[in-house]
Each structure stands twice: as structure tokens, then as C-alpha cells.
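Just so it is clear, none of the values below were taken in a lab; they were calculated from the coordinates. Just so it is clear, the structure is predicted and the values come from calculations on it, not from any experiment.
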């Protein structure tokens, strides 16, 4: 059984325009357990299942893609 979904907001550096917002959201959506992800301005809102993915995993994926969580 899946755990209850959690929702967090992460401030991001490296998001400058619509293309980078889409790219950052896509990085997050590709992680297992991420139910939804959207990026507006410099913040990502992520709904995820913590038994399938963790905040450090999301941070690492974003870092690898060229974004920084601040």
C-alpha cells in the first residue's frame, strides 16, 4: 500500500524562462513516486509519495539537470 501523498514547495535557482520551468518540472515528474510537479517563477510544487521518492532524491535529480534547490 502506498503512503499518503505529501506536497512540498522547493525554491529553485537556474529557472529563467518557460523552457527551464518546463525542464525542471519534467525532471521531477520522471522520478518514481512523483504524482505531480509544476514550476512557477523560482518555485517547484511537488506532490509525491515519500515511500517511493525522497526530497534528497529530488534535489539530486534537479542538481544533475543543472538546477539548484535553495
Whole-number D in µm²/s for the stretch 31-70 (Stokes-Einstein; Kirkwood sum over Cα pairs; 4 °C, 1.567 mPa s): 123 µm²/s
Global size of the chain as Cα Rg and Dmax, reported in angstrom: 11.2, 39
